[in-house]
1. Over chain A, what is the relative contact order in percent, taking alpha-carbon pairs closer than 8 angstrom and at least six residues apart?
2. Whenever you get a sec, compute what percent of the accessible area on the protein assembly as shown sits on carbon and sulfur atoms (1.4 Å probe).
3. Roughly how many Å² is the accessible area per residue of the range A:312-425, as a whole number, for a 1.4 Å probe?
4. Looking at B:A127, B:S104, B:V117, which one has the Cα that reaches farthest to the positive end of the dipole of the range B:69-141 (charges on Cβ: Lys, Arg +1; Asp, Glu -1)?
5. Given Cβ point charges of +1 (Lys, Arg) and -1 (Asp, Glu) and nothing else, what value in debye, to the nearest 20, does the dipole of the range B:2-67 about its Cα centre take?
6. Past the 23 Å Cα-Cα mark, which pairs from A:K83/A:K424; A:K67/A:K424; A:K41/A:K67?
7. Between B:M1 and A:S391, how many nm apart are label points set 7 Å from Cα along the C-beta direction?
8. Rounded to the nearest 100 Å², what is the buried accessible area between B and A, both sides summed, probe 1.4 Å?
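The values are calculated or read from the model by the stated rules, or taken from the named source; none is laboratory data. These numbers were taken from a predicted model, which means no experiment stands behind them. All Cβ positions, even for glycine, are placed from backbone atoms using ideal geometry, and neighbour counts span all protein chains on display. The protein model used for the area step is the full one, side chains on, heavy atoms only, and it has no ligands, DNA or RNA in it. Shrake-Rupley method; radii C 1.70, N 1.55, O 1.52, S 1.80 Å.
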Amino acid sequence: MALEDLYDPTEALNPEALERLQTDRLRWTVAQAARSPHYGKLFAERGLDPESIRELDDLRHFPLTEKQDLRDSYPFGFLAVPKDEVVRLHHSSGTTGTATAVCHTAGDVERWADLVARCLHMVGLRRGDVFQNMMSYGLFTGGLGLHYGAEKLGAFVIPMGAGNSRRQIEFMGIFGTTAMHIIPSYAMALLGTCEEMGVEPRSLPLRFAVGGAEPYSEGTRTRLQEAWGIPFHNCYGLSEMCGPGVAFECPVQQGLHLWEDAYLGEVIDPETGDRVVDGEEGELVLTSLTREAMPLIRYRTRDLTSFTPGPCPCGRTHRRLSRIQGRTDDMFIVRGVNIFPLQIERVLMSMPQVGRNYVIVLDREGYADRLTVRVELNADVFFGELEQLQSLRERMADRLRREIMVRPRIELVEPGTIPRQEGKAVRVIDERKD
Amino acid sequence: MIEQLAIFSENKPGKLERITAALSEAGVNSRAMHAASLGDMGVVKIVVDRPEEAYEALAGQGTVRKIPALAVRVPDRPGGLHEVTAALTRASVNIENASGFPVSGGEAILILEVADVPAAERLLEEAGFGVLEAEEFSEAVGGP
């Protein structure tokens with residue numbers, strides 16, 4: 001890869017130089033972390049010394065950091081700088097438990113913007129592009145995170161935020177939007193808005209989209225790319241590690257480059273905590289390498305992925321993560337079987353008879369769990385016969401049973417009748433009362 | 001050959017009402033209606049005087065398809081229906097769905113769904129039955 005095509009030459013740094021850079025930064029990070037009340041106490045108790053780090057592998061001696069640790073130390077237990085050095089707070093919604101607070105210094109915000117700029121540059125964003133950012137602004141990192149990176153590249157940024165669907169489409173036409181940042185399920189819903197407005201999505205001046213904030217299947221991506229007529233590039237991040245821009249997909253679309261000069265990644269078996277080999281799925285564990293305000297050591301992301309073996313044809317040397325396969329938090333159990341929503345999505349989106357939206361409903365029939373998958377029918381494939389619907393329902397249930405080991409009840413519903421979310425899609429409704 | 005409409009519908013209160021409201025608003029006269037259900041969902045089939053307008057009115061709010069059918073004019077007397085079914089049986093044509101209603105002039109119109117509509121149409125015409133084209137059908141069943 002020609003160096004002049006890169007935003008930052010670090011993207012193609014040779015592996016030895018990259019490792020030296022990581023080792024230096026790791027030693028700095030552990031020393032920085034030791035200044036926070038949480039890690040200061042932990043390192044003292046365990047006799048861990050930042051100076052003991054000679055190579056990357058020495059990280060193994062440090063314990064994993066759990067989301068619960070962040071909650072227990074809420075709000076400032078992980079803060080490694082005086083509070084007056086903090087210029088920005090981001091905060092989780094707290095939907096899955098106590099909230100977590102993440103603080104940033106001016107340097108953190110600057111380096112984050114730079115990483116996001118690197119991501120967007122990689123997929124072609126330049127000065128002159130019009131970037132419509134449809135992620136929520138505010139405490140959620142999706143909006144501001146990409147905003148700063150796109151501005152840094154000199155793009156014309158429209159800070160739309162989420163929702164107000166007709167206006168989103170109108171603005172695309174008026175301002176000539178060439179790139180959008182959007183939650184995949186919302187991109188699917190906006191297709192319905194285009195239809196209502198009589199706008200052909202492929203006729204818009206868009207060149208590409210960045211999809212993030214929720215896991216989605218390759219089948220959904222293929223549908224989105226066809227309907228919008230542009231590539232969708234996957235973006236990965238989490239607020240504990242700044243936000244979006246931790247890993248990003250290059251135009252090859254075979255995995256997301258983890259920016260290893262800023263984050264050190266490991267994939268572990270979530271049960272045993274042992275590292276797994278490249279290509280094998282496990283939980284992503286990240287160590288920040290440049291964060292000043294809240295460095296995190298071996299943080300369990302709860303996201304399931306694997307390292308893609310081998311070099312990427314694009315020439316960048318940073319290792320790739322496979323498409324995120326879901327979160328350990330998303331898993332639900334039906335009649336003793338562990339199921340991830342994305343397993344269901346993969347099956348549904350491979351069937352052309354399935355429309356744009358679905359939802360999984362869990363309830364009880366007597367004492368037994370009942371799994372219902374409510375699916376919008378694709379209006380184009382309906383040919384008017386009841387028998388067709390009957391056999392389609394059977395086929396869906398059979399294929400899902402093969403994937404998840406439980407035969408779900410299928411409810412076919414009319415297109416556009418499952419409520420749309422403007423933020424992350426709600427895929428599972430659990431009505432079981434325990 | 002005429003076109004009837006098939007509408008995918010969830011089996012919930014108000015779903016059928018939504019269909020009839022759209023038809024009434026469009027000023028379309030429906031002559032036959034048939035709902036088949038699989039419990040929580042089903043297919044509603046309707047025969048109207050002006051299928052194109054009905055289709056436009058329904059397409060805005062649901063999943064609707066035009067499906068071809070035969071409209072056969074028969075004398076409204078005992079045995080009238082039998083003559084048609086006997087002719088189809090002799091040619092081994094399977095009738096998948098049927099409905100009918102009387103029209104003025106002592107006649108009735110029989111609506112038949114078969115796998116190969118054009119072939120059945122030829123066969124009945126050759127046997128001397130009056131098979132209606134879309135325009136004739138609209139005229140025969142149109143409202144006042």
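1. Relative contact order here is 14 percent.
2. On the way: 12560 of 25250 Å².
That share works out to 50 percent.
3. Numbers: 5030 Å² over 114 residues.
About 44 Å² of surface per residue is accessible.
4. The Cα lying farthest towards the positive end belongs to B:A127.
5. 180
6. Working: A:K83/A:K424 32 Å; A:K67/A:K424 20 Å; A:K41/A:K67 17 Å.
Going by Cα-Cα distance, A:K83/A:K424 fall outside the 23 Å limit.
7. 2.1
8. 1600
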